[in-house]
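Q: This is the structure I want to talk about, given as structure tokens.
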Amino acid sequence: MAATEVVEAARAGGTAPRRRRWSPAPRRTPYAFMVPATVLFTAVFLVPLGYTVYLSTQKTQIQGLGLGRGARRQVFTGFGDYTGVLHDSEFWHSVLRALLYGCVLIPVMLGLAALFALILDAQRVRFQRFGRIAIFLPYAVPTLIGSILWGMMYLPSVSPFVSVMHTLFGTTSVNFFGAHAVYLSIANIGVWGGTGFNMMVLYTALRSLPQEVYEAARIDGSGEFQIAWRIKLPMIRPSVIMTAIFSTIATLQVFNEPYTIHTMSAGAVSSTWTPLMTIYHDTYTGDDVFAGSAESIVIAVLMFLVSIAVLRLTNRQTFGGESQ
Amino acid sequence: MKLSRAVTTAACGLAALALAAGCSSSGGSAPASSGANQKVDLTFWSWVPNMDRIVAAWNQAHPDIQVTFTKAAGGDAELTKLLTSGKAKTMPDIAQVEYQSLPTMVSNNYLADISKYVDGVRSDYPDGLWNQVTLGTGAVYGVPQDAAPLAFFYRTDLFKKYNLTPPATWAQYQSEAGQLHRANPSVYLGDTATTDGGLFSGLTQQAGAKWWSAKGDSWTVGIDSPASRKVASYWGALVKQGAVDNKTAWTADWSKALDNGTYLSWIAAVWAPGTLASEAADTSGKWAMAALPQWNAGDQVTGSWGGSATSVTADSKHPQQAAQFITWLNHESQGTDLLVTDGSVYPASLAAESGSALAVPSFVSGQSDFYTQAKQYSKEAATATWGPDVNVAYSAFSDAFGAAATNKGDFLAALATVQQKVVADMRTNGFTVSGG
């Protein structure tokens, strides 16, 4: 290889052998550097995605009673599974329930995250380190464990809340699994587990802001509250937008919390309460991986659209804010 | 320098490939096929307690057929795992399968027909159970392991305290439940019995319901049948009156009520003593078993809740050796004795039912005739008929009846919802269903 290059260089007139000699490296090396990422991206993203799309175009065809050898065949159905999903009212109800859950969860969680981040960032706050860790700690608890803990606290005869209410007011009528209350009960688990992470993102953004701005504001007579509201929050807007998008995606994907509550009260939270629970139910309980695949693709597309909508909405607000 | 850089990037690429390969290759691999005299390795999934000890006893006696055991969490969890690994063709050689899940497994073609290896065992099992493993065909999809007839379990100490007798009929159950709770608002005769699909289907079997039946090439779904409606409206009325408690079964809440004496009785199958040990640990020795209350005085009919067979999967390369292990486990006295003593299983094998290993479980220690009774109920159990999507029915049942019990709502509407969901699921999956 090197010999050919030297010969070529000599043929070219020998004026620039060094440059010629080095030229193949930049052409090949970048591709080599891309290999790990490309291989991983293909193996863990593109291939499963392609396989899911393929499965979503198949269905089972059954001969007779469907018992015995060869009674069940996998056949192509085109968009048949998608038509099924679009007409499945249970699926769309699960999407609505997830969105309703998000409407409760996201404002409360992000509001608290921003509040805690601003408090921790403000001057003269004691127990900063402790506060940061204490608020972040629930995020380190796996959501499944957190959900089981909260579920136990909701169940009437083992719930500390119910027993406290009973001692104080003599009532046992607190029902955490009521038709409407259950949204708050589940959103509460999400807030408990998610606030810490979002607070960390916002807090990190706040720490990276230049201190001179605050100094200037103080000289101009701003109090801590005004600094927080008029300077800090507008300046960390990109981080707020990012947490909003992450939270929206997490909302549509919510599974662990409602699934755990489902195992404790199937009457309050059905087996198809959220979209992912519906997909799980149809794929495993219903043994229909084809319908489950079509639902997964529909949810992925929905998630993509909602993320874009959130991005657009928050961007417009950002621009609106700047023009004032 | 150039060479070393190329080497480094290639190494990175290789490492990434290895990583990706490592991610994608999981799960067990099927053993390679071998000749008749070579050592055979088999894999086995089951949720029977202490099955590892039973398998160890087999392995010691059979050096040529070694079984590796993996414990599953329970029937539902194992079925989900089986259905998933069946698609990947990585099922174990042998699996415990609940009777009601056999049609699901067979319709996916995941079970092997072992009829030619288990010729001699037919007469050792009651007809009702044998029909469940043949699905009424000429094939045999497993050997029955345990029978699970329903019975009435009650707290002897509390029944004495409140001056009650085990109800002989459902009418008596209803009046006892109402009177007890009116006089003593902190206790109940029992739970709703309608938050677990397996229990409810057993209660409807007693009333004569057939949830699935097949005729020619089409299925009929009888979940919303007159017999089931009778059972549903009976329990719906009890819940509405507040005569029984409406907690969801198998929650911490419910276990506590069973443990602290809030419930005086529990309708369950003969496996109840083993389950009470984990759900209501403080009540050992305080329970007794009586016959399930009857719809008509003098009848002797019961239903079943659960029970399972051991099957050879379609992925097994050694069905003959696997069938040999299953026969030993569920038919030969060494296996069934271990199942009873170590696994707390109530055996399906008729020979084992009168075997020597049957010692009265500690939770019903006062009842010396426990196994005589159990054998009687086992004979009285109505034949169950299952369809290809029982798990869908049970899941729809938990949702609909869970809500009806919690809100003290309409039990008949809930039953209609279950029927409708099951028929819709079967049609989506391509089954022919007659009627609605």
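Q: Give me the distance in nm between label points sitting 7 Å out from Cα along the Cα-to-Cβ direction at B:Asp127 and A:Gln253, one decimal.
A: The answer from the label model is 5.6 nm.
Q: Enumerate the whole-percent occupancy of each 20 Å bin, from 0 to the last occupied one, for all C-alpha pair distances of chain B.
A: Result returned by the calculation: 24, 52, 19, 4, 1.
Q: How much of B:Thr432 can a 1.4 Å solvent probe reach, expressed as accessible area in Å² and rounded to 10?
A: Approximately 70 Å² for this residue.
Q: At B:Thr134 and A:Phe127, where each label point lies 7 Å from the Cα along Cα→Cβ, what is the point-to-point distance in nanometres?
A: 7.3
Q: Grab the beta carbon distance between B:Tyr162 and A:Cys103, set R0 = 45 Å, and tell me the FRET efficiency rounded to 0.05. Working shown, then result.
A: Working: r = 50 Å, r/R0 = 1.10.
That pair, B:Tyr162 with A:Cys103, gives E of 0.35.
Q: If you restrict to DSSP beta bridges whose two residues both lie in the protein assembly as shown, what percentage is antiparallel, to the nearest 5?
A: Working: 28 of 41 bridges.
Restricted to the protein assembly as shown, the bridges split so that about 70 percent are antiparallel.
Q: What accessible area per residue comes out for the range A:80-323, rounded to a whole number of Å², with a 1.4 Å probe?
A: Working: 12510 Å² over 244 residues.
Dividing the accessible area of the range A:80-323 by its residue count gives 51 Å².
Q: Before we go on, tell me the buried accessible area for the B/A pair, both chains summed, 1.4 Å probe, in Å² to the nearest 100.
A: Numbers: alone 18960 and 20340 Å², together 35640 Å².
Counting protein atoms only, the buried area is about 3700 Å².
Q: Calculated FRET efficiency, B:Asp282 and B:Gln38, Cβ-Cβ r, R0 45 Å, to nearest 0.05? Could you put the intermediate results ahead of the total?
A: Details: r = 52 Å, r/R0 = 1.16.
With R0 = 45 Å, the Cβ-Cβ based efficiency is 0.30.
Q: Suppose all protein chains stay in the model; what accessible area per residue would a 1.4 Å probe give for chain B, in Å²? List each step's numbers first, then the result.
A: Working: 17140 Å² over 436 residues.
With the other protein chains kept in place, chain B gives 39 Å² per residue.
Q: Relative to the present Cα-Cα distance, how much length would full extension add between A:Val301 and A:Ala140 at 0.36 nm per residue of separation?
A: Working: separation 161, 0.36 × 161 = 57.96 nm, distance 2.98 nm.
Contour length minus Cα-Cα distance gives 55.0 nm.
Q: Can I ask one more? Taking only DSSP H segments of four or more residues, each worth -39500 (n - 2.57), what value at 222 nm results for the protein assembly as shown once the sum is divided by all its residues, to the nearest 500 deg cm²/dmol? Please list the in-between numbers first.
A: Working: 32 runs with 415 residues, N = 760.
My calculation for the protein assembly as shown gives -17500 deg cm²/dmol from helical runs alone.
Q: What Kirkwood hydrodynamic radius, in Å, does the range A:120-223 give when the mean of 1/r is taken over all pairs of distinct Cα atoms and then inverted? It would help to have the intermediate numbers written out before the result.
A: Values: mean 1/r = 0.0591 Å⁻¹.
In the range A:120-223 this quantity evaluates to 16.9 Å.
Q: For B:His318, A:His93, B:His331, A:His87, what's the largest-to-smallest order of accessible area, 1.4 Å probe?
A: Details: B:His318 10, A:His93 95, B:His331 55, A:His87 150 Å².
Order by accessible area, largest first: A:His87, A:His93, B:His331, B:His318.
Q: Mind ordering B:292-298, B:189-195 by average Cβ neighbours within 10 Å, highest first? Before the final figure, lay out each step's value.
A: Values: B:292-298: 15.7, B:189-195: 25.4.
Descending packing order for the listed peptides: B:189-195, B:292-298.
Q: For an R0 of 60 angstrom, estimate the FRET efficiency from the Cβ-Cβ distance between B:Ser333 and B:Gln420 and round to the nearest 0.05. The partial results should precede the final answer.
A: Details: r = 48 Å, r/R0 = 0.79.
Efficiency, rounded to the nearest 0.05: 0.80.
Q: When the Cα centres of the range B:302-364 and the range A:147-179 are compared, how far apart do they sit, in Å?
A: Taking the Cα centre of each part, the range B:302-364 and the range A:147-179 sit 43 Å apart.
Q: Treating only the Cβ of Lys, Arg, Asp and Glu as charged (+1, +1, -1, -1), what charge dipole size does the range A:195-324 show about its Cα centre? Round to the nearest 20 debye.
A: Values: 7 positive and 10 negative charges, 103 e Å.
So the magnitude is around 500 debye.
Q: I'd like the accessible area for B:Glu380: 1.4 Å probe, protein heavy atoms, all chains in place, Å² to the nearest 10.
A: Roll a 1.4 Å probe over it and B:Glu380 shows about 30 Å².
Q: Tell me whether the range A:238-303 comes out rounded, prolate or oblate; compute the Cα gyration tensor, take square roots of the eigenvalues as a ≥ b ≥ c, and use a/c under 1.5 as the rounded threshold. Don't jump to the answer; show the numbers that get you there.
A: Numbers: a/c = 3.78, a/b = 1.39, b/c = 2.72.
Cα axes put the range A:238-303 in the oblate bin.
Q: Continuing with this model, one more query. Lysines within cross-link reach of B:Lys421: Cα-Cα under 26 Å, excluding same-chain residues under 8 positions apart?
A: Qualifying lysines at Cα under 26 Å: A:Lys59, B:Lys81, B:Lys87, B:Lys210, B:Lys215, B:Lys230, B:Lys240, B:Lys247, B:Lys408.
Q: Using a 1.4 Å probe on the protein heavy atoms, what percent of the accessible area of the protein assembly as shown belongs to carbon and sulfur?
A: Working: 21330 of 35640 Å².
Of all accessible area on the protein assembly as shown, carbon and sulfur atoms account for 60 percent.
Q: Just name one of A:Phe130, B:Gly142, B:Trp170: the one whose Cα is farthest towards the positive end of the charge dipole of the protein assembly as shown (beta-carbon charges, Lys/Arg +1, Asp/Glu -1).
A: A:Phe130
Q: Please compute the Cα-Cα pair-distance distribution of the protein assembly as shown with 20 Å bins starting at 0, giving whole percents from short to long.
A: Bins of 20 Å from zero give 14, 39, 31, 13, 3, 0 percent of pairs.
Q: I want to check the label-to-label distance for B:Ala252 and A:His93. Put each point 7 Å from Cα in the C-beta direction and report it in nm to one decimal.
A: Spacing of the two 7 Å Cα→Cβ label points: 2.9 nm.
Q: Report the residues of the range A:192-234 in range of a label on A:Ile119: point 7 Å along Cα→C-beta, backbone N strictly under 12 Å from it.
A: Flagged as within label range: none.
Q: List, by residue number, every residue in the range B:97-115 with a reduction of 50 Å² or greater in accessible area between the chain on its own and the complete protein assembly, 1.4 Å probe.
A: B:Ser107, B:Asn109
Q: Now for a different question. Filter chain A for me: DSSP H helices, axial length by Cα at least 20 angstrom, mean Kyte-Doolittle hydropathy not below -0.5. List them by residue number. Numbers along the way, then the final one.
A: Working: long enough: A:24-41 (26 Å, 0.39); A:89-121 (47 Å, 1.58); A:181-207 (38 Å, 0.97); A:237-252 (23 Å, 1.25); A:289-323 (51 Å, 1.10).
Answer set is A:24-41, A:89-121, A:181-207, A:237-252, A:289-323.
Q: When the distances between all Cα atoms of the range B:309-364 are binned every 10 Å from zero, what whole-number percent does each bin get?
A: 24, 45, 24, 7, 1
Q: If you don't mind, there's one more thing I want to ask. If you wrap a convex hull around the Cα atoms of the range A:80-323, how much volume per residue is inside, in Å³? Each step should come with its number before you reach the end.
A: Numbers: hull volume 38.4 nm³, N = 244.
Cα convex hull per residue, to the nearest whole number: 157 Å³.
Q: A further question follows. Compute the length gained on full extension between A:Met165 and A:Arg237: take 0.36 nm times their separation in residues and subtract their Cα-Cα distance, giving the result in nm to one decimal.
A: Values: separation 72, 0.36 × 72 = 25.92 nm, distance 4.12 nm.
Result: 21.8 nm gained on full extension.
Q: I've got another one for you. Using the Cα centre as the reference, give the magnitude of the dipole from point charges on the C-beta atoms of chain A (Lys, Arg: +1; Asp, Glu: -1; all else neutral), rounded to the nearest 20 debye.
A: Values: 23 positive and 16 negative charges, 270 e Å.
With only Lys, Arg, Asp and Glu charged at Cβ, the dipole is about 1300 debye.
The values are calculated or read from the model by the stated rules, or taken from the named source; none is laboratory data. Quick caveat, the model's predicted, so the values are computed rather than measured. So basically every Cβ, Gly included, is an ideal-geometry build from the backbone, and we count neighbours across all protein chains shown. Areas reflect the complete protein model, heavy atoms only, side chains present, ligands, DNA and RNA absent. Shrake-Rupley method; radii C 1.70, N 1.55, O 1.52, S 1.80 Å.
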